[in-house]
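Notes for the one structure printed next.
The values are calculated or read from the model by the stated rules, or taken from the named source; none is laboratory data. No experiment lies behind these values; they were computed from the predicted model shown. Don't worry about glycine lacking a Cβ; one is built from the backbone with ideal geometry, like all the others, and counts go over all protein chains shown.
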Amino acid sequence: MEYNFLKINISEVTCTVAISAPKSLNALNSTILKELGDFLDHIDPAIRVLIITGDGEKSFVAGADISEMQNLTEPEGVAFGQLGAQVFRKIETLPIPVIAAVNGFALGGGCELALACDIRIASNRAKFGQPEVGLGIIPGFSGTYRLAKIVGMGYAKEMIYTGRAIKADEALRIGLVNAVYEPEQLMDEARALAARIVKNAPIAVRYAKECINEEYDLAADEAIAFENKMFGKCFATKDQKAGMTAFLTKTEAHFTNE
Ligand code: CO8
């Protein structure tokens, strides 16, 4: 598939994808969502970390495309919501870590896109918000589900009921982002974070993501059993032997993803 709204850059095993729709501050229409879905389906298995950002200096993603939603019927609303929700679920369950490098407006569906990523870092110009109720809708790309998981029920309800946009420093304080940087440092910091992840055993990182995601909604005994199963599976990998041998022989580990 040809991508008209995605700018893709691959550096070694880190891939950066920038959503690019300059006329609408990178608002997500169904074409962009389909492109993103297709891109996620075909991502090279050699890629070990994905960074998602917004093209340009002003916006990460300013929401779902309001002009496309304006005249939707109820079933069309369901279908559009499903399209976004399915793409974002692909991000959440992608077998590699996904970093959102939030360079500007992350509103509505843009905030929800960031929420579907594993780790969020932001420029000090970023603004986050769920303004949907001011448009007569609710967050429809799983924001009512994920925001509370990340910032807790109290802040999630306040943000969603009021529609108030918050600045990067407040997003940092409530745990919506992990770190805030000067705009010109953001992408370097995202790549540095990716590089720290890439140094580790790839299968172990993948299992860790799967465990954290799967266990979140399980009861304690099931969650602990799931981790135990995945922990055991690590010992069937060559990388576990390589990592522990390197430690014990005081050498650097060379992981082969096996
Ligand atoms: N959709 C469509 N166009 C947009 C969007 C958007 N979300 N955001 C900005 N644009 C367009 C503007 O219309 C404008 O176009 P034009 O130049 O043709 O007038 C252009 O981008 C530039 O925007 P502004 O002139 O408004 O730029 P400002 O710097 O003055 O303001 C803001 C920037 C504050 C980001 C402002 O554009 C804004 O408030 N945008 C809308 C933000 C918003 O409400 N987002 C939430 C949308 S709803 C949503 O995301 C729901 C997700 C779940 C959907 C489920 C479906 C069922």
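Which of (1) touching a Gly at 6+ places or on another chain (Cβ under 7 Å); (2) buried (at least 24 other Cβ atoms within 10 Å of the Cβ) does K90 not meet, given it meets every other one?
Status for K90: all satisfied but (2).
Does A79 qualify as being within 11 Å of the ligand (Cβ to nearest atom), free of Cβ contacts under 8 Å to residues at least 24 places away in the same chain and not polar (S, T, N, Q)?
On the way: within 11 Å of the ligand (Cβ to nearest atom): yes; free of Cβ contacts under 8 Å to residues at least 24 places away in the same chain: yes; not polar (S, T, N, Q): yes.
Here the answer is yes, as A79 does meet what is asked.
Pick out the one residue from K34, K58 that is over 14 Å from the mean Cα position of the chain (by Cα) and within 9 Å of the ligand (Cβ to nearest atom).
Being over 14 Å from the mean Cα position of the chain (by Cα) and within 9 Å of the ligand (Cβ to nearest atom) holds for just one of K34, K58, which is K58.
Let me spell it out: the conditions are (1) more than 16 Å from the ligand (Cβ to nearest atom); (2) of a type in the set (A, V, I, L, M); (3) within 30 Å of N71 (Cα to Cα), and I121 meets all of them except one. Which number is the exception?
All conditions pass for I121, except number (3).
Looking only at residues in the range 1-27 that are of a type in the set (S, T, N, Q) and not in a strand (DSSP E or B), which one is surrounded by the most Cβ atoms within 10 Å (Cβ to Cβ)?
Result: N26.
Out of curiosity, is T144 of a type in the set (S, T, N, Q) and either at pLDDT below 95 or closer than 21 Å to A85 by Cα (or both)?
Values: of a type in the set (S, T, N, Q): yes; either at pLDDT below 95 or closer than 21 Å to A85 by Cα (or both): yes.
In short, yes.
Quick one: which of A171, A208, A220 is more than 16 Å from the ligand (Cβ to nearest atom) and closer than 25 Å to T16 by Cα?
Answer to the check: A208.
Among (1) touching a Leu at 6+ places or on another chain (Cβ under 8 Å); (2) over 23 Å from V205 (Cα atoms), there is one condition R146 misses while meeting the rest; what is its number?
(2)
With the requirement that a residue be within 12 Å of the ligand (Cβ to nearest atom) and more than 30 Å from R48 (Cα to Cα), what does the range 140-162 give you?
The answer is I160, and nothing else.
Could you list all residues from the range 219-232 that are charged (D, E, K, R) and surrounded by 13 or more Cβ atoms within 10 Å (Cβ to Cβ)?
Of everything in the range 219-232, just one residue is charged (D, E, K, R) and surrounded by 13 or more Cβ atoms within 10 Å (Cβ to Cβ), namely E227.
Could you please find all residues in the range 199-214 being more than 17 Å from the chain's Cα centre (by Cα) and in contact (Cβ under 8 Å) with a residue 40 or more places away in the chain?
Hits for the range 199-214 are N200, A201, P202, I203.
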